[in-house]
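**Student:** This is the structure I have questions about; it appears just below.
No lab work stands behind these numbers, since they all come straight from the coordinates. Predicted, not measured: the structure shown is a model, and the values here were computed from it. Virtual Cβ from ideal backbone geometry, glycine too; neighbours counted across all protein chains shown.
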Amino acid sequence: MLNKNLVSISAVGKYVPEEVLTNKDLEKMVDTNDEWITKRTGIKERHISEKNEPTSTLATKAIENLFEEYNISPDEIDALVLATISPDMFFPSTAAVTLDNLKIKHAFGFDISAACSGFIYALKTGESFIKSGMAKKVLVVGADEMSTISDYTNRNTCVLFGDGAGAVLLEESKTDNGIIDTILHTDGSGKDLLYMLGGGSLNPSTHETVDKKMHYIYQDGRPVYKFAVKYMTQVSKDILKKHNFTSKDVSLFIPHQANKRIIEAVGKRLKLDPENVFINIDKYGNTTAATIPLGIYDAMQEKRLIKYDLLLLGAFGGGFTWGSSLIRWGI
Ligand code: UT7
């Protein structure tokens, strides 16, 4: 039976690896400096996973944190939708490994690849399973270990990224709070500006692909920056307009954290008060699919996100992919 009620986020969890890599540490590794990184990106430090701590471990720990803080039993879970571009391996999916780590046998799970917009894509997917009646409780996770695909001899990219995971639980809302709407976009012509070329069916791994460092991220930063500002602003305006809201109605905007300057530029274009724009890039760098759920968790901790707030999420990333969600917060 189709469910017409709203779907809401009823629990959140987070995990970041213990090891911290500061800008000062990076100064010893590549030709960079704290001032450049801070001024151009807003990043001060990022968390880096251990060798025996793959993406599924980060996802598992974020979910365990959610279970513990909200007293949820693994038995309640019907599905896991996990967004990542740094999976443990091509297959099985990181979702499958994560479910096994959690000893969940009765649920289904799979990965979503939409880079920095992955969490918003996964959120919409999880919501749709509940609305279709196929699942009652769905875990949605954004988890990435960007350190495993970053070249720590290339200052253009290695200073930008970090590792982490955030998890939310979705279920049918019993109130008027919940996910109001989500808009998603994809434009594959962005593939030439932000990519990892090696290891797939286009360039299967060989000594040559490794020698050419094709197993690392490549980004042409300046044009990506411009697209990020333009499209994150546009999709945010579109979703607000569609539901007869203005930026004055927005209690908190949690955007993807790729660059503090991008976030501030989008906030300005949306005419949002800087107090209503959430930024935590200084602590984590760009954790790709994990930035938004980490932002949600931290915003709640800091009491900047409270029940009945109108929450706007926005993301832009590889593909290109971009999107926005509008949520009446219910926790
Ligand atoms: O999350 C997915 C989507 N991604 C994004 O949204 C990221 C979008 N792009 C950006 O955030 C920015 O373009 C970057 C942070 C990647 C780069 O900032 P920028 O202000 O666009 O710098 P740039 O790439 O134009 O480089 C300016 C200068 C260059 O030197 P020259 O050519 O002017 O002499 C770079 O070589 O800064 C140099 N540079 C660095 N210097 C010190 C680049 N990286 C570094 C570094 N330390 N780490």
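**Student:** Using a Gaussian network model of the chain with C-alpha springs under 10 Å, which one of Thr55, Thr41, Thr246 is most mobile by mean-square fluctuation?
**Tutor:** Evaluated over the chain, the most mobile residue of the options is Thr246.
**Student:** May I pose another question? Over the chain, what relative contact order in percent results from Cα pairs under 8 Å that are six or more residues apart?
**Tutor:** The value is 25 percent.
**Student:** Now, a different point. In whole percent, what relative contact order does the stretch 180-328 give with Cα contacts below 8 Å and a gap of six or more residues?
**Tutor:** Values: 241 pairs, mean separation 52.6, N = 149.
Over the stretch 180-328, the number comes to 35 percent.
**Student:** Continuing with the same structure: Based on the Kirkwood radius over alpha-carbon pairs, what value in µm²/s does the Stokes-Einstein equation return for the translational diffusion coefficient of the stretch 239-300 at 25 °C and 0.890 mPa s?
**Tutor:** 202 µm²/s
**Student:** Using alpha-carbon pairs under 8 Å, 6+ residues apart, how would you state the relative contact order of the stretch 7-175 in percent?
**Tutor:** Reported relative contact order: 33 percent.
**Student:** Right, another one. Checking a compactness column here: for the chain, what do you get for Rg(Cα) / (2.2 N^0.38 Å), N being the number of residues?
**Tutor:** Values: Rg = 18.7 Å, N = 331, 2.2 N^0.38 = 20.0 Å.
This ratio for the chain stands at 0.94.
**Student:** Using the alpha-carbon centroid of each, what span in Å lies between the stretch 87-140 and the stretch 181-210?
**Tutor:** Here the answer is 21 Å between Cα centres.
**Student:** So how do Arg328, Arg304 line up by other beta-carbon neighbours within 10 Å, fewest first?
**Tutor:** Arg304, Arg328
**Student:** Also: Fewest Cβ neighbours within 10 Å first, please rank Cys116, Cys158 accordingly.
**Tutor:** Final ranking by Cβ density, sparse to dense: Cys158, Cys116.
**Student:** Among Val16, Val229, Val138, which one moves the most in a GNM of the chain with springs linking Cα atoms closer than 10 Å?
**Tutor:** Fluctuation is largest for Val229.
**Student:** Would you mind ranking Thr94, Thr288, Thr157, Thr206 so that the residue whose beta carbon has the fewest other beta carbons within 10 Å leads the list? Please report the intermediate quantities before stating the final value.
**Tutor:** Values: Thr94 30, Thr288 33, Thr157 18, Thr206 12.
Fewest-to-most ranking of Thr94, Thr288, Thr157, Thr206: Thr206, Thr157, Thr94, Thr288.
**Student:** Could I ask something else about it? How long are the semi-axes of the ellipsoid equivalent to the stretch 1-152, from square roots of 5 times the Cα gyration tensor eigenvalues, in whole Å, largest first? Don't skip to the end; give the middle numbers.
**Tutor:** Numbers: eigenvalues 213, 53, 40 Å².
Each semi-axis is the square root of five times an eigenvalue, giving 33, 16, 14 Å.
**Student:** Given the Cα-Cα distance of Thr153 and Asp187 and 0.36 nm per residue of separation, how much length would full extension add, in nm?
**Tutor:** Result: 9.2 nm gained on full extension.
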